[in-house]
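Here's the structure, in structure tokens; my notes come after.
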Amino acid sequence: MVPTDRAIQEAIQVSSLVFSDDVRRQKIENRLEQMRFSAATVRKIQNVFKSEMEKGIHQQSSSLQMENTYIPELPNGSEEGLFLALDLGGTNFRVILLELVNGVAVREDVKKYHIRADLRTGSGIPLFNYLAECVSDFVINEGLQDVELPLGFTFSFPMIQHSLDVGILVTWTKSFNCPDVVGKDAVQLLREALDRRGDTRVNVLAILNDTTGTLIQGATQDPNTAIGLILGTGSNACYLERADKVEHWEVERHGERQVIIDIEWGAFGDNGVLDFIKTDFDRENDANSLIVNSFTFEKYISGKYLGEIVRVILAKLTKEGLLFVNNSSGALLTPGNLTSDLVSHIEQDTLDGGYNNTREVLEKFGIIPDQDDLIAVQYVCEVASNRAALLVSACISVLLERIDKEEVTIAVDGSLYKHHPRLKAWMNRYIQLLAPGRKFNLMSVEDGSGKGAAIVASIAQKLKKRFE
């Protein structure tokens, strides 16, 4: 049964602001009203997401990339052998060895390597030479230099895939900027670097991102897994789509029934389709970000930005004389000073019915809060966090309707999801409300970018043998 607007409205209410000063309470509530969604707004978000997905899957102009990963099946327990994974997404990267027996990992060896600042900028050749050097170091230390090792490459940067083992870099993000790699195939660059060394038998079979790896890793724990979700510093989702709906398919088809689609939803709304929910707080958050007018959806929901949204709100309320009236709070006015882990810390107080964490966080900013300040800060954290949970849930509910399976498990990874004390409960409530009758399960998954990539290499190996 489709929920009524009234049912949705009642379900998404946050706690009331109980203040000693009624005038200040009313002003704060009014100021934050723009962060609260009506039932009609939630439905509009769902409809816009559906529309952008449809456009993206049909290769029309959309803020959703809807990238074909060319992974047409999930692990089924037949995976056997030794597989490597290379996980590149930040200043530290990992090489992982996974041994699978009947689809179960019986051995996992991991080594972390640091990428120096000079390798992250300039020409890409030294960077890929270094990656190959580290892979070689790892393999030789394992005594496997004479063994053919299939490798899955987790490359957590925007890319266009032409096949399972071709990933063209669209743009670098984070602290990387090697301009001569943009528009090039990261797999080919890694293969060439490995060939130049010639001291191992590593075979790069697949490229993927951490979201895809999370879905794959989830499927080893629960065969109903059909959605992968990252809610960490950044955010993205992928899902199992019917193969006949996917128009972007550059290699020969072999009767595939399904394929994983990487939505790249961090950019949802970059074309203006979500501007109807953008508040003045969001505009300031965007203005304070590294790349303005990009990663629109991510800036509403991810760990990199949730703390900054809360900081922007608190700073505005302070400037308007509604908070910290008897305190100097200069540190709170500085962008980036309030991180999302502090928001999670404060949210734990709200869950427990106390104020110790909230007071401790504010004291870090040199603020000695009164009782109303503590209540207001908790209220702001709740409103911002609740909005993030509602936005994610609205989009996940659309995916559940689209997948149309009897039961779907959503594999979730990421620091925000793990550490925010109320996010999972809110998401369970909202998804249930917005996808009525759909059975689903939110399942925490560890290390999709590592184990998941190695398992993708095993799937790629099976496909290669099947279609050679």
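The values are calculated or read from the model by the stated rules, or taken from the named source; none is laboratory data. Quantities reported herein were computed from a predicted structural model and do not represent experimental measurements. No Cβ is skipped: glycine too gets one built from the backbone with ideal geometry, and neighbour counts run over all protein chains shown. Accessible surface areas use protein heavy atoms only, side chains included; no ligands, DNA or RNA. Shrake-Rupley method; radii C 1.70, N 1.55, O 1.52, S 1.80 Å.
Do the conditions hold for K278, that is, is it over 18 Å from K174 (Cβ atoms), open to solvent by 10 Å² or more (accessible area, probe 1.4 Å) and not acidic (D, E)?
The answer is yes for K278.
Within the set of pairs 6 or more residues apart or between chains, which connect a residue that is at pLDDT 95 or above inside region 127-140 to a residue that is part of a helix (DSSP H, G or I) and of a type in the set (D, E, K, R) with Cβ atoms less than 8 Å apart?
F128/E192; N129/R196; A132/R196; A132/R197; E133/R197; S136/R197
I'd like the full set of residues that are assigned to a helix (DSSP H, G or I) and either at positive phi or hydroxyl-bearing (S, T, Y) (or both), limited to region 339-362.
Passing the criteria: S340, S344, T350, T358.
Each row is one residue, and each column tells you yes or no for (1) modelled with pLDDT under 95; (2) outside any loop (DSSP other than H, G, I, E, B); (3) more than 30 Å from V104 (Cα to Cα).
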{"position": "M53", "(1), (2), (3)": "no, yes, yes"}
{"position": "G56", "(1), (2), (3)": "no, yes, yes"}
{"position": "Q60", "(1), (2), (3)": "no, no, yes"}
{"position": "N76", "(1), (2), (3)": "yes, no, no"}
{"position": "E79", "(1), (2), (3)": "yes, no, no"}
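Here is a yes/no grid of residues against (1) within 27 Å of the chain's Cα centre (by Cα); (2) over 20 Å from A460 (Cβ atoms); (3) open to solvent by 20 Å² or more (accessible area, probe 1.4 Å); (4) not acidic (D, E):
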| position | (1), (2), (3), (4) |
| --- | --- |
| L86 | yes, no, no, yes |
| R94 | yes, no, yes, yes |
| L97 | yes, no, no, yes |
| V104 | yes, no, yes, yes |
| D109 | yes, yes, yes, no |
| R120 | yes, yes, yes, yes |
| E133 | no, yes, yes, no |
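Taking region 151-177, which residues are in contact with a Lys or Arg (Cβ under 7 Å, 6 or more places away or on another chain) and in a loop (DSSP other than H, G, I, E, B)?
S175, F176
If you go through region 184-234, how many residues are in a strand (DSSP E or B) and at pLDDT below 95?
Final tally of qualifying residues: 0.
Mind telling me which of the residues I367, I309 ends up being at pLDDT 95 or above, β-branched (V, I, T) and crowded, with 16+ Cβ neighbours inside 10 Å?
I309
Just give me the residues in region 32-42 being open to solvent by less than 80 Å² (accessible area, probe 1.4 Å) and either in a helix (DSSP H, G or I) or closer than 16 Å to D372 by Cβ (or both), in sequence order.
L32, Q34, M35, A39, A40, T41, V42
Scan region 6-31 residue by residue and report those that are of a type in the set (S, T, N, Q) and either exposed (fewer than 10 other Cβ atoms within 10 Å of the Cβ) or part of a helix (DSSP H, G or I) (or both).
Answer for region 6-31, where residues must be of a type in the set (S, T, N, Q) and either exposed (fewer than 10 other Cβ atoms within 10 Å of the Cβ) or part of a helix (DSSP H, G or I) (or both): Q9, Q13, S16, Q26, N30.
Among (1) open to solvent by less than 10 Å² (accessible area, probe 1.4 Å); (2) more than 23 Å from K424 (Cα to Cα); (3) of a type outside the set (A, V, I, L, M, F, W, C), where does N337 come up short?
Result: N337 passes all but (1).
So which of V187, V204 ends up being among the β-branched types (V, I, T), open to solvent by less than 10 Å² (accessible area, probe 1.4 Å) and touching a residue at least 40 places away in the same chain (Cβ under 8 Å)?
It is V204.
Does P421 count as surrounded by fewer than 18 Cβ atoms within 10 Å (Cβ to Cβ), in contact with a helix residue (DSSP H, G or I) (Cβ under 6 Å, 6 or more places away or on another chain) and over 15 Å from T154 (Cβ atoms)?
Criteria met by P421.
Filter region 286-338 down to residues that are of a type in the set (S, T, N, Q) and assigned to a helix (DSSP H, G or I) and give me whichever is nearest to R387 (Cα to Cα).
T296
Search region 232-282 for residues being without any contact (Cβ under 8 Å) to a residue 60 or more places away in the chain and within 16 Å of H58 (Cα to Cα), and hand back the single one that is farthest from the chain's Cα centre (by Cα).
Filtering first and then ranking leaves D244.
So for region 137-156 (the condition being of a type in the set (V, I, T) and buried (at least 16 other Cβ atoms within 10 Å of the Cβ)), does at least one residue qualify?
Yes, that holds for at least one residue.
Could you grab me the full set of residues in region 328-360 that are touching a Leu at 6+ places or on another chain (Cβ under 6 Å) and touching a residue at least 60 places away in the same chain (Cβ under 8 Å)?
S340, V343
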